[in-house]
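A.B. asks: Below you'll find the structure I mean.
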Amino acid sequence: MATAVRHARDEAAARYPNLVEDIENAPKVRIADGKYTFRAFSFGEKGTLMKAELGREIDKGLFEKVRAAKAEFGYIVSPEPAGHVWALSLAGRLKVSLCVAARSLESLERIALINSAFAQAHGKRERKKRQYVDFVPQKSGYGESTLHVPRPKKGDRVIIVDDVVSSGGTASALADYLEAAGAKVVAIFCIVTKGDGHKELEKRGIPVRSLLKLTKSGEVAGLGD
């Protein structure tokens, strides 16, 4: 490993030791009929058992990252199946509402209490006058799906929170939908960015902030922006 790369990795490990350990020990699995190699981080959608120390480290890191950005926003939008877990804790710390973008209609039933609380805090009476949920096509590096997203109000200022931003497909789909509906995506926060997919979002003027940066192959490349 080159000196500069090793230094960046060591700097990341000094700040987030449990996160770096989890990434470097994550098993590789093949999905999408073997066409895509996926590293199953314990903190992500394919994760299983996660150490308590790692959970606390990520929770604190995301909170500090959002506070440091000094972003002005009204609530958080976050997709299933992994991003919304971290967003739920973050929303509690920041004392803001959370809007969950569900992967299926069945998921909407499971998270009804979260989104009902969001609706009550965000103008339930007005929402009854129109369709509550929109269907947003989403394409990632390893598949396609549909997000079921409670519709924002025009002028809303939001942040998107996810576990990993890789191709940027999920974040882009959410940002496209929210801004077309009249909301403003102030920034995107995630645990890790992987590769350069997030740079397309930044070209649009949407900052992407992460705890760590990974290479496209999943190696730790240093601290995030």
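Computed from the coordinates by the stated procedures, all read-outs in this text should not be read as laboratory data. These figures come from a predicted structure and were not determined experimentally. Please note: Cβ atoms are built from the backbone with ideal geometry, for glycine as well, and neighbour counts cover all protein chains shown.
A.B. asks: Taking a 29 Å limit on the Cα-Cα distance, which of the listed pairs Lys51/Lys199; Lys70/Lys203; Lys46/Lys70 fall beyond it? If you can, show how the numbers build up before the last one.
C.D. replies: Numbers: Lys51/Lys199 31 Å; Lys70/Lys203 20 Å; Lys46/Lys70 31 Å.
Pairs exceeding 29 Å: Lys51/Lys199; Lys46/Lys70.
A.B. asks: Ranked by Cβ crowding within 10 angstrom, fewest neighbours first, how are Ser42, Ser210 ordered? Working shown, then result.
C.D. replies: Values: Ser42 19, Ser210 23.
Arranged by neighbour count, lowest to highest, Ser42, Ser210 become Ser42, Ser210.
A.B. asks: What would the Debye formula give as log10 I(q)/I(0) at q = 0.12, 0.13, 0.14, 0.21 Å⁻¹ for the alpha-carbon point model of the stretch 1-85, no solvent?
C.D. replies: Treating every Cα as an identical point scatterer, log10 I(q)/I(0) equals -0.50, -0.58, -0.67, -1.15.
A.B. asks: Quick one: 3J(HN,Hα) in Hz for the stretch 145-160, Karplus 6.51/-1.76/1.60 with θ = phi - 60°, rounded, Gly and Pro as x.
C.D. replies: 7, 10, 9, 10, 10, x, 6, x, 8, 4, x, 4, 10, 10, 10, 9
A.B. asks: Okay, moving on. Just rank His198, His7, fewest to most, by other beta-carbon atoms within 10 angstrom.
C.D. replies: His7, His198
A.B. asks: To continue, here is another question. What full-extension length gain, to one decimal in nm, is calculated for Leu223 and Val5 as 0.36 nm per residue of separation minus the Cα-Cα distance?
C.D. replies: Length difference between fully extended and current span is 77.3 nm.
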